[in-house]
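See structure below.
Read-outs throughout are calculated quantities, based only on the coordinates presented, and are distinct from any laboratory measurement. Only a predicted model underlies this, so the values are computations on that prediction, with no experimental measurement involved. Cβ sites come from the backbone with ideal geometry, for glycine too, and all protein chains shown count toward neighbours.
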């Protein structure tokens, strides 16, 4: 019998049992277009609607594009086949919007900047406060850094920092504190990042001698003044001296006795020790004679002026930079003169002048000549203190003598010896003006938010407060008194009022400011070592006398965080002083002639 094949079995089956779709003529799907598809379509992904919504809510448009940019949407290429044709022409149809449109520029969720507080640009370190601003966009959810990224699904703008009208800001170029002459030879250039890594643990200093006297501090200034009855700052005529190092008769005598090899004053040394915090340009004259080194300053140098908001993110501008001549009293130079005047008079006003109640030092004031001076002496004590900067590798000890100052004395509440304090003043010019650095209004916030006011001043005047604290530690003062002095009228720099006084211990205040005194001593020792090696290099080229005077100038770059050391001729700045004296004599002769 022949074998039966599968084809014969299929042929023998009835027609209604055949496999496949029905072949009926009345098919309901007839005429419906067929949507094409690709072999890469993934039905599982398209069916998971929740995954798409979660990713989109969590990561925004960026997350959606990142997850689905390599996948094709099912039937995307055939969407036009199912397009519904409009029955009527809708070109004439319009929506009436009667809402008011704002003229201000706003930014959506994907924008670059979110402004908070008043519409003024403030410091980058303030988040959400007055004139603060935040950047939007960037990393993972809920993460923030020093630029205050707010990650709410916005596009990332890393690499740029946006502020109010950054494109319209003038290029700030500051002038150096001293003119660099062509005959000056630059020896060293060091940036602040290297200076910040230095460290030298110097031991406590010892007192060598003391001069002058001090009055007692008036404790009534510690009480919060009644609103509307603040004390006026008075202009007092008192004789106060700030003589440079090499012209100090006491230091000259100590140098002859070989009490030390390095000599400086506290205001000069504090500037060098706090150099990494400085922004404005300054200069120090260094005189090397024999084995002695003197840190000096020029006549009328910028070191004598008290800066204002030097470290603020939006520091005061010069009149030429701001373009507003009405703000001439708020320029850096005008504010520095105003702050210097305030500090001088505030220290004189806060003491009780009484010949019966004053603290005399071991010696009288070394700069006062009673036969020539007509003004009364200011309350000031000069303490000459010696510090040991020696290292193990030194063959001979390295000591430095520093002239420090004490402004007033304070009765000890425990009955012990009187306390020695220094008195300084912070000044407020206008909390709403450019250059205020986002400062709070002292009149309304000093009592209720004193910590916030002091913290803002620490940020805007980091260099100035660090210098004052360093001077207090060098003088071994028991306390610091910081006064808050404001203008009686923000538009006038003539009258001022005292809003309050806050007291601190120097060491504790230094800890709050993150001030490392060891870093300052390391900077001083590094500069001294470099100065001491320079004569050996010069002697290798030419025979030099043992007592030959060599002069150097240390200059802070006005626009960069860099220190430069220049070798200058020995008669540098001396000719300028002679010219000033000659000009002064001519003016006096002219006045005498006019009087005759």
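Relative contact order of segment 185-591: 28 percent, from C-alpha pairs under 8 Å at least 6 residues apart in sequence. From the square roots a ≥ b ≥ c of the eigenvalues of the alpha-carbon gyration tensor of segment 390-465, which class results: rounded (a/c under 1.5), prolate (a/b over b/c), or oblate? Judged from the Cα gyration tensor, segment 390-465 comes out oblate (a/c at least 1.5, b/c at or above a/b).
Multiplying the residue separation of residue 237 and residue 197 by 0.36 nm and subtracting their alpha-carbon distance yields 10.0 nm.
In plain terms, the chain from residue 376 to residue 412 could stretch by 10.3 nm, reckoned as 0.36 nm per residue minus the Cα-Cα distance. In terms of the mean number of neighbouring beta-carbon atoms within 10 Å, the peptides 518-525, 497-504, 180-187 order highest first as 518-525, 497-504, 180-187.
Over segment 185-591, one equal point on each Cα, no solvent: what is log10 I(q)/I(0) by the Debye formula at q = 0.11 Å⁻¹? Here the Debye-derived log intensity ratios amount to -0.88. What shape does segment 383-432 have by the C-alpha gyration tensor, where a ≥ b ≥ c are the square roots of the eigenvalues, rounded means a/c under 1.5, and otherwise prolate means a/b greater than b/c and oblate the rest? It is oblate, given that a/c is not under 1.5 and a/b is not larger than b/c.
Restricting attention to segment 185-591, close to 75% of DSSP beta bridges with both partner residues there are antiparallel.
When the Cα gyration tensor is reduced to axis lengths a ≥ b ≥ c, the ratio a/c is 1.5 or higher for segment 296-400, and with a/b not above b/c it is classed as oblate. Computed extension length for residue 570-residue 512: 16.6 nm, one decimal, from 0.36 nm per residue of separation with the Cα-Cα distance subtracted.
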